[in-house]
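For reference, the structure discussed in these notes is given below.
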Amino acid sequence: MKRSVLALFTLLVATSLFAEETQRYIVVTKRPVRTEGIGAVLRELRADVQPRAARAFESVNGFAADLTEREVAIVAQSPNVAWVEPVLERHALGEVATNAVSAQSMPYGIDLIQAPNVWVGAKGAAINVVVADTGIDFNHPELKAIYAGGINTFSATAAPFDDNSHGTHVAGTIAAADNDIGVVGIAPSVRLWAAKVLAGDGRGSSEKLIQAIDWTIAKKKELGGNWVMNFSLGADRGSKIEGEAFARAVDAGIIVVAASGNESEEGRPAPVLYPAAYPGIVSVGAIDSKSSLATFSNQGPEMDLVAPGVGVLSTVPIGTGELSYVMGKNRLSARALAGSPYGTITRSYVYCGLGRKEDIPANVSGKIALVQRGEIRFSEKARNLKEAGAIAVVVYNNDASDMNWTLKPADEPQYASYEYPLTVGMTQAAGEALRAENGASMTVSYEKDDYGTFNGTSMATPHVAGAAALLWSLQPNFTSSTIINALTFTAKDLGTTGPDNQFGVGLVNVFEAAKLLSPNTFGQTVPPSGRRVLRRGRG
């Protein structure tokens, strides 16, 4: 009986210990883990501390591991340990905005920063750009030729393929091919690398970012050359050890560019996120096509530059984008309503008022219906028109509001399986122009595509990373600091005169920076005028 009780007690204790929950921590050590080994660091600890899934870092002293709270308390007392901190979440800073207007376009941001003017001198050749993000679709025709490889921090054996679309979009802004199809990037001849630090849901951690920095520093040592890292991600909590890793990257001569964040609201600015807020990082905010600050763009004394981040057209993984348009006399932007089937239809069209049954003329059968927003739901309009024989529906807005429209509202479950006709929305001005054409032929299209339009400081950041690569390919012997100084020195001042918390020193202008660094290439006898502005609040 005593043996049975003792065995049961032992089993309960063992089960209790085994059931302790673990969390991911970074243990910062006083000596390099890569040479001493994790075992040596823990030599003086009690034997029951067993780090799980431990991974040593290269650029900073420390390792990441799964530990229980009890083990953390023990580890923190070790004379070999400087401190212990939890791994912090990092996430992507961009979102889908609208469909692409066309599968063949020059994104407005490329022109706004004047990149095409630099291409006579350089296109980014031999510069290495690491996109630390959700991965890259390296089979995309815009990126395949320049893709050089990468690291997947979630799997030592898996390729860093994009299972989200965010990283491929960022990569396209930097380096999409200049091949007369799709889009073109700022520096289309760079050597492109992927560091997958965010999972398919757009989330990662400080541990993953440090791994990407380790890998990049090692690659730079192995291959030489000039390197740029793009971090279109962040979070509101900084990490001392992560900050040290970024400082190591900067000290290694790597240009690191990061997004300021998307948490601001009208009248309520949010502070710059990390890693953009770390010293030495080029922090980038977002503007729109009219150079107005995006309402979501985070602000603060850490701001350096702004770049286009609203309605940015770029690459997405093959077949995951959506393209919709209406072609009357001219090709017009459109947006498919949620629940619309794919397809392309060309027919004459009939104006059908608000799409109410009493508004629909008898001759709509076999044609496309043009209707105005208002009075009744989009789903009811589409059903009415389908029942009257219309084969597609174009709804135009009655104001300037966003067109996040659906054919399947949640409170109409009875129509969940209803087969709606091809239905797209468009602006009020575009709809009125079509109405004035009065019954001409129209093409309505909604198809899968390899391109998409996103919003976010995530989209602004690769404009600056691409600009840095473009400049460096003009003058590959210049230092990273010289390239950054040229970008800040020649930026177009926006907002209040001089540096400010909203725009930093202003909109990046890569052509002015190129003329400053390589005047002879662009027929300059003297460097262009500009101003030298150091980052504020950084020391």
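Distances between placed amide hydrogens fall under 5 Å for A82 paired with V28, T29, K30, all partners being 5 or more residues away or on another chain.
Using R0 = 45 Å, the C-beta based FRET efficiency linking A436 and Q414 works out to 0.75.
What FRET efficiency do you get for T346 and E387 if R0 is 30 Å and r is their Cβ-Cβ distance, rounded to the nearest 0.05?
0.85
Round to the nearest 0.05 the FRET efficiency obtained for Q428 and I181 when R0 = 30 Å and r is the Cβ-Cβ distance. Calculated value: 0.40. Sorted largest first, the spans of the alpha carbon positions of the range 440-527 along the three principal axes are 56, 32, 27 Å. Its residue count N fixes a reference of 2.2 N^0.38 Å for the chain, and the Cα radius of gyration divided by that reference is 1.14.
Here the scattering of the range 78-220 is modelled by Debye summation over its C-alpha atoms, one equal scatterer each and no solvent; at q = 0.13, 0.14 Å⁻¹ the log10 of I(q)/I(0) is -0.61, -0.70.
Expressed in Å, the radius of gyration and Dmax of the Cα atoms of the range 184-316 are 15.2, 48. Surface composition of the range 264-352: carbon plus sulfur atoms contribute 51% of the solvent-accessible area (1.4 Å probe, protein chains only, all chains present). At the residue level, K220 shows approximately 50 square angstrom of accessible surface with a 1.4 angstrom probe and all protein chains present.
Solvent-accessible area per residue for the range 345-500 at a 1.4 Å probe radius, Å²? Could you put the intermediate results ahead of the total?
Details: 6350 Å² over 156 residues.
Result: 41 Å² of accessible area for each residue.
Available extension along the chain between I318 and D236 is 26.3 nm, counting 0.36 nm per residue and deducting the alpha carbon span. Please report the base-10 log of the normalised intensity I(q)/I(0) for the range 338-479, using a Debye sum with one equal scatterer per alpha carbon and no solvent, at each q in 0.17 (1/Å). Debye output, listed in q order: -0.92.
Take the Cα of T521, step 7 Å toward its Cβ, do the same at D48, and the gap between the two points is 6.4 nm.
With 0.36 nm allotted per residue and the present C-alpha distance subtracted, the D402-D251 stretch has 49.9 nm of extension available. Thinking of the range 306-395 as a set of Cα atoms, what percent of all their pairs are more than 21 Å apart? The calculated P(r) of the range 306-395 puts 40 percent of pairs beyond 21 Å. Distances between placed amide hydrogens fall under 5 Å for A336 paired with G425, all partners being 5 or more residues away or on another chain.
Solvent exposure of the range 115-203 amounts to 32 Å² per residue of accessible area, where only protein heavy atoms count and the probe is 1.4 Å. Distance between the modelled labels on T479 and A156, one decimal in nanometres: 3.8 nm (7 Å Cα→Cβ projection). Just grab the label-to-label distance for R331 and A148, each label 7 Å out from Cα along the Cβ direction, in nm (one decimal). That separation, rounded to one decimal, is 3.4 nm. Distant-in-sequence amide contacts of Q299, defined by a placed amide H-H separation under 5 Å and a gap of 5 or more residues or a different chain, comprise A270, V272.
The values are calculated or read from the model by the stated rules, or taken from the named source; none is laboratory data. Note that this is a predicted model, so its numbers are computed, not measured. Don't worry about glycine lacking a Cβ; one is built from the backbone with ideal geometry, like all the others, and counts go over all protein chains shown. Accessible surface is based on the protein model in full, side chains and every heavy atom, while ligands, DNA and RNA are left aside. Shrake-Rupley method; radii C 1.70, N 1.55, O 1.52, S 1.80 Å.
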